[in-house]
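Below is one structure, written out as structure tokens; comments come after it.
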Amino acid sequence: MTLKAFQYFKELQWPLFIILVFLLTGIFLGQTLYFEFVYDDFPYLVANRNLQNNINPISYILNPSLGWAGTDSTQVYRPLSAWLYAVELKLFGFDPLYYHLVKISTHALNTILAAIFLFLLFKNKIFAMTAGLFFFVHPVNTEAVVWISQQNTLVATVFVLGALIFFLLYGEYRLKIFFFLSLILGIIAPFFKEQLIVTPFFVLGCLLYLKMPWQRSFLLGASYFLTMTPFLWIRYSIGLPFNQAGGWFNSMHEAILTMTHGLAYYIQLIFIPYPLTINYEWFPVEDHISKTVILSTAIIAFCVFLAIYFYKKVPEVTIGVYWFFVGLIPVNNIVTPIYTYINERYLYLSSLGMIVAFIYLVKYYLKESWMSERWKKASMGVVCIVLFSVFSYMTFIRLPDWENQKSLWRSTLRVDYNNLRNFTNYSTALQKENSYREALIILKSALRIPDLPDEGYSGTYRALVSAALRFNDTTTARSYLIEGLTRYPNNAGLKLLEIKYYFARNNYKKAAEISRSFTDDFDATKIGKEAAFYEIPFYHLIATKMLGDGARVAVLVNQAPSESARETLNRIIDARALMLQGDNEKALSVLYPTLVGGEMYWLEPYMWLGQLYEFKGDYANAVSVYQVALFKNPTSIDAVIGFERARKKLEEE
């Protein structure tokens, strides 16, 4: 009876493992279903109007700019990722719950696929499942799993693991259908995320482990390297470079030294995944051979030594180390420079390799120990259980950091308290939740950051004044305006805010006086650009209109290059004047056809239109208008706050 029960259990191991994975998904990741959109979710998805009413994958493949809101696509080419967002947007709208459900389900699927792949390669079921579970709970994978913008990483991983599984099935059963399916999946993967173009290198690792005859290995390896061709050729054909504007480094020497440290830090994150953060701007750029670089080189050399030393004794260690390094090739900033140099999400697939190497190393040294077979198995079990428990706990406490913008940037600020972006993003998140006083305290703290450049200080003063005006606190706004303009009297951004301050006080005469000097070289063809220098003349026109000086308004507007441009300027000025006079209904009737009928590069009129719809209680149209504003400028604080405010009101209806 016991033997039969054991045999029955062995037959049910895979079904039980799959059930366990989805059970753990619910226990660990179920809380993420209620998390909000954060950070790059806005330019990739929420603000990206390109995704609406276009679910044709070919259009995304041929036009990379469709994958990002605004004018800067950062030269990222992930067309099928953008296409998948478009499909999801059509199905789910702007409810983050469904996107998180897709993500955690995909991570569960990747865990199962990883275990199947490892079993097919190493023929050890218990090991494969154990490694899969470590991959599932590893804290360093939290960013890739929880962040909606990183759906591309998870989906691309499905295709890579699928390609490798079919490759191993082809090697075992010699069915051509498996081979062709493997090639197709390998071709598709980088169209979701370019980092996952490395499928051929993973195949080489499998061939290395399987020790096939070199002729057959060569033919198979060559076939898989051809899978890189479609992605590279299409990217080249549409004129997209293979790097991101030269990356962040000043020289190749600097890149090599910094990434040597970075690669060692990635290894550290696998074994000591703390602290974790979304912003690694604190990570030092190395420009000389320091002690840190020497130590990092030693760590990398030790890993390479282990891979070589154990190639014959424990080849699984070799394959694990090889897998780890190969997965990071596209983001090493040497082959293809990119904008960033350390990100946890880059470790998602690579982490599996180091997990494999570690488990087999522990298994080897326990096997070589003096302990009895029973104690060896017990010790291996204890090591796995302890590590699984530690990683599970660390993941569980890391997950809430991704709940919303506020929790995300609060946790980031804890890691690096000397980074201006952390302060401003946390302040923005607080303002979105109407925590105005706390937001001011955070921004004031940013002024104490050591060695902050002048642009950083002036930018912080602008953020302080903007926050005060956003919450109608003109007294505080005035205080920081005086302080900021004393230090930076010629800063156009602060001058613009000073003008907005006088608008908030209904002092149109003073606003007109301050802005008048900016109209001396007035060029109406440039009005509406994002630069503060060109926004100020626009406010001058509005202030002059409010003072009743129609003649001066006419003189300035008549400089516009066409009749339609002059009409657009007049209507926007009239609409804003009506808003300031409290006639919102009439302002809406003037502003709506003006913005719908023409293209206005200046963001402010769209913000006014969104506010008018909110005043009216038409939150559906308010959401649409704020999305247009976000599409034009995904980093606009006011657009983000307006969109979220209107969306929540719409959900409450």
> Looking at ILE177, is it farther than 21 Å from THR318 by Cα, of a type in the set (A, V, I, L, M), touching a residue at least 12 places away in the same chain (Cβ under 8 Å) and open to solvent by 10 Å² or more (accessible area, probe 1.4 Å)?
Replying inline: no
> Scanning for something over 27 Å from ASP41 (Cα atoms), open to solvent by 30 Å² or more (accessible area, probe 1.4 Å) and of a type outside the set (Lys, Arg), does the stretch 434-441 turn up at least one residue?
Replying inline: no
> Counting only residues that are surrounded by fewer than 19 Cβ atoms within 10 Å (Cβ to Cβ) and hydrophobic (A, V, I, L, M, F, W, C), how many does the stretch 94-111 have?
Replying inline: 4
> If you go through the stretch 330-378 one residue at a time, how many are assigned to a loop (DSSP other than H, G, I, E, B), among the polar types (S, T, N, Q) and in contact with a Gly (Cβ under 7 Å, 6 or more places away or on another chain)?
Replying inline: 1
> Quick check: anything in the stretch 226-246 open to solvent by 40 Å² or more (accessible area, probe 1.4 Å) and closer than 30 Å to ASP451 by Cα?
Replying inline: yes
>> Out of ALA222, ALA144, I need the residue that is part of a helix (DSSP H, G or I) and in contact with a Ser or Thr (Cβ under 6 Å, 6 or more places away or on another chain). Which one?
In response: ALA144
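May I ask you to verify whether GLY320 is within 22 Å of LEU210 (Cβ to Cβ) and more than 20 Å from the chain's Cα centre (by Cα)?
So GLY320 fits the description; yes.
Looking only at the stretch 487-512, count how many residues are under 11 Å from TYR461 (Cα atoms) and either small (Gly, Ala, Ser) or at pLDDT 95 or above (or both). Spell out the reasoning first.
Within the stretch 487-512, the subset under 11 Å from TYR461 (Cα atoms) is 487-488, 491, 493-494, 497.
Among the residues that remain, those that are also either small (Gly, Ala, Ser) or at pLDDT 95 or above (or both) are: 493.
Of the residues in the stretch 487-512, 1 are under 11 Å from TYR461 (Cα atoms) and either small (Gly, Ala, Ser) or at pLDDT 95 or above (or both).
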> Would a scan of the stretch 49-67 turn up a residue that is within 18 Å of LYS632 (Cα to Cα), part of a loop (DSSP other than H, G, I, E, B) and open to solvent by less than 30 Å² (accessible area, probe 1.4 Å)?
Replying inline: no
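Mind checking whether some residue in the stretch 397-410 is in a helix (DSSP H, G or I), among the β-branched types (Val, Ile, Thr) and over 30 Å from VAL317 (Cα atoms)?
yes
For (1) buried (at least 21 other Cβ atoms within 10 Å of the Cβ); (2) of a type in the set (D, E, K, R); (3) more than 23 Å from ILE197 (Cα to Cα), each residue gets a yes or a no:
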residue	(1), (2), (3)
VAL87	no, no, yes
PHE92	no, no, yes
LEU121	yes, no, no
ASN124	no, no, yes
PRO139	yes, no, yes
ASN152	yes, no, no
PHE159	yes, no, no
GLY162	yes, no, no
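Search the stretch 341-359 for residues being of a type in the set (Ser, Thr, Tyr) and at pLDDT 95 or above, and hand back the single one that is nearest to GLU194 (Cα to Cα).
At the first step, the residues of the stretch 341-359 found to be of a type in the set (Ser, Thr, Tyr) are 341, 346, 348, 350-351.
From the residues that got through so far, the ones that are at pLDDT 95 or above too are 346, 348, 350-351.
Values: TYR346: 11, TYR348: 14, SER350: 14, SER351: 18 Å.
This residue is TYR346.
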>> Go through the stretch 478-517 and report how many residues are loosely packed, with under 15 Cβ neighbours inside 10 Å and β-branched (Val, Ile, Thr).
In response: 2
>> Quick test for you: out of ILE289, ILE329, ILE338, pick the one residue that is in contact with a Pro (Cβ under 9 Å, 6 or more places away or on another chain), at pLDDT below 95 and either within 23 Å of PHE202 (Cβ to Cβ) or not acidic (Asp, Glu) (or both).
In response: ILE338
> Could you say which residue among THR318, THR260 is assigned to a helix (DSSP H, G or I) and open to solvent by 20 Å² or more (accessible area, probe 1.4 Å)?
Replying inline: THR260
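Residues that are touching a residue at least 24 places away in the same chain (Cβ under 8 Å), touching a helix residue (DSSP H, G or I) at 6+ places or on another chain (Cβ under 6 Å), in a helix (DSSP H, G or I) and within 29 Å of PRO96 (Cβ to Cβ): does the stretch 473-483 have at least one?
Taking every residue of the stretch 473-483 in turn, none turns out to be touching a residue at least 24 places away in the same chain (Cβ under 8 Å), touching a helix residue (DSSP H, G or I) at 6+ places or on another chain (Cβ under 6 Å), in a helix (DSSP H, G or I) and within 29 Å of PRO96 (Cβ to Cβ).
Could you list, in sequence order, all residues of the stretch 263-293 that are open to solvent by 60 Å² or more (accessible area, probe 1.4 Å), farther than 28 Å from VAL38 by Cβ and not in a loop (DSSP other than H, G, I, E, B)?
LYS291
Would you confirm whether or not the stretch 297-313 contains a residue that is assigned to a helix (DSSP H, G or I) and either among the polar types (S, T, N, Q) or touching a His at 6+ places or on another chain (Cβ under 7 Å) (or both)?
Of the stretch 297-313, the ones assigned to a helix (DSSP H, G or I) are 297-309.
In the following step, the residues that additionally are either among the polar types (S, T, N, Q) or touching a His at 6+ places or on another chain (Cβ under 7 Å) (or both) were identified as 297.
Checked the stretch 297-313: at least one residue is assigned to a helix (DSSP H, G or I) and either among the polar types (S, T, N, Q) or touching a His at 6+ places or on another chain (Cβ under 7 Å) (or both).
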> Exactly one of (1) out of contact with any helix residue (DSSP H, G or I) (no Cβ under 6 Å at 6 or more places or on another chain); (2) modelled with pLDDT of 95 or more is unmet by PRO96. Its number?
Replying inline: (2)
> Which condition number in (1) open to solvent by 70 Å² or more (accessible area, probe 1.4 Å); (2) touching a Phe, Trp or Tyr at 6+ places or on another chain (Cβ under 8 Å) is the one that ASP451 fails?
Replying inline: (2)
>> Given the options VAL590, VAL625, VAL557, name the one that is in contact with a Lys or Arg (Cβ under 8 Å, 6 or more places away or on another chain) and at pLDDT 85 or above.
In response: VAL590
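The values are calculated or read from the model by the stated rules, or taken from the named source; none is laboratory data. Since the model is a prediction, treat every value here as computed from it, not as a measurement. Cβ atoms come from the backbone with ideal geometry, glycine included; neighbour counts cover every protein chain shown. Just the protein is used for accessible areas: all its heavy atoms, side chains included, with ligands, DNA and RNA removed. Shrake-Rupley method; radii C 1.70, N 1.55, O 1.52, S 1.80 Å.
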